[in-house]
1. Could you please report the charge total around Gln97, scoring K, R as +1 and D, E as -1 over all other residues with beta-carbon less than 12 angstrom from its beta-carbon?
2. Hey, which aspartates and glutamates would be in cross-link range of Lys39, C-alpha to C-alpha under 12 Å, not counting anything within fewer than 8 residues on its own chain?
3. Which listed residue (Gln54, Ile207, Leu107) has the Cα farthest towards the positive end of the charge dipole for the chain, taking +1 on Lys and Arg C-beta and -1 on Asp and Glu C-beta about the Cα centre?
4. Could you compute the net charge surrounding Ile167? Neighbours are other residues with a C-beta less than 14 Å from the C-beta of Ile167; K and R count +1, D and E count -1.
5. First compute the accessible area of the chain with a 1.4 Å probe, then give the percent of it belonging to carbon and sulfur atoms.
6. So for the chain, considering every pair of alpha-carbon atoms, how many percent are separated by more than 29 Å?
7. When only C-alpha pairs under 8 Å and at least 6 residues apart count, what is the relative contact order of the chain, in percent?
8. If you place +1 on the Cβ of every Lys and Arg and -1 on the Cβ of every Asp and Glu, how big does the dipole about the Cα centre of the chain come out, in debye to the nearest 20?
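The values are calculated or read from the model by the stated rules, or taken from the named source; none is laboratory data. Note that the coordinates shown come from a computational prediction; the quantities given were computed from them, not determined experimentally. Here the Cβ is made from the backbone with ideal geometry for all residues, glycine too, and neighbour counts use every protein chain on show. Accessible surface areas use protein heavy atoms only, side chains included; no ligands, DNA or RNA. Shrake-Rupley method; radii C 1.70, N 1.55, O 1.52, S 1.80 Å.
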Amino acid sequence: MSGNDPEGATPTALNSCELTRSLDTLCEADSRNACSLRKDTSTGELRLATSADQIADMAVFNLSSRVPTAVHIHFETAKNLYVYAWFVYRFYPVAEQQALASLEFALRTRLEDDASRSASRGAKRPRGLKAWLNEALKQGAIANDRFQWAEKWAKARAKRRVDVQAIQQMKDLGLKSIQLDYSRAELPREDFAEDWIGTFIETLPEIRNEYAHGSSHLDSSSVLRTFEIITELINQLFDRTSGPR
């Protein structure tokens, strides 16, 4: 027994999917991926996921040409970790952690000079992801109304209102069916007023810190959403319409 083992402890045998890969198993899909399902976009039917799906997941997250090369490489590393999670399922949280680190790297790259000048005048220099996000918001480098999904979100809300109104109308009139007309769905200004950044300032650093201090968290369901958020934020940081540089 190792000197680091508690006296009397019984070693727990690890599942083979948790062990270091051998030459024979290096390119085998992790069993937790091999049994996952995807919806076929052409037929609408469920099918087994493939490694091609894994690559396709990352193909939609692209940084603009204005993003510095070093930041781009950092983020591409996160994307590769996600792709290779097909073979090692526990790479999913590692990919998410790397993506969050890419965001902080991008924030520092974009705001470092301004932060240094402010610090020379006595201002407190940002430390940590939350502080850098707040600084980016203060400088106008990121903004809620510049998220590409804002209109999509507003339209989804409008459609839900049409659905609710239709259900109520069916109840009131005793109808068994009703024709839905989404073309008349109104998009009020308040539907675009979601404080996305306020939410991200609170939640993204919490996720980053959980990983940074060690975690057994293993949930791949949120990883793609994290990549979507980070892609948007990094592109905003280096967009021509962002705040002063």
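1. Numbers: positive: Arg90, Arg208; negative: Glu96, Glu104, Glu210.
Taking every other residue near Gln97 into account, the sum is -1.
2. The reachable aspartates and glutamates, counting only those whose Cα sits under 12 Å from Lys39, are Asp53.
3. Towards the positive end, the residue furthest out is Leu107.
4. Working: positive: Lys159, Arg160, Arg161, Lys171, Lys176; negative: Asp163, Asp172.
Local charge sum for Ile167: +3.
5. Working: 8050 of 15430 Å².
Whole-percent figure for carbon plus sulfur exposure: 52.
6. On the way: 14543 of 29890 pairs.
Considering the chain, 49 percent of its Cα-Cα pairs are separated by more than 29 Å.
7. On the way: 215 pairs, mean separation 60.5, N = 245.
Taking the mean separation of contacting Cα pairs over the length of the chain, I get 25 percent.
8. On the way: 32 positive and 34 negative charges, 190 e Å.
Here the chain has a charge dipole of around 920 debye.
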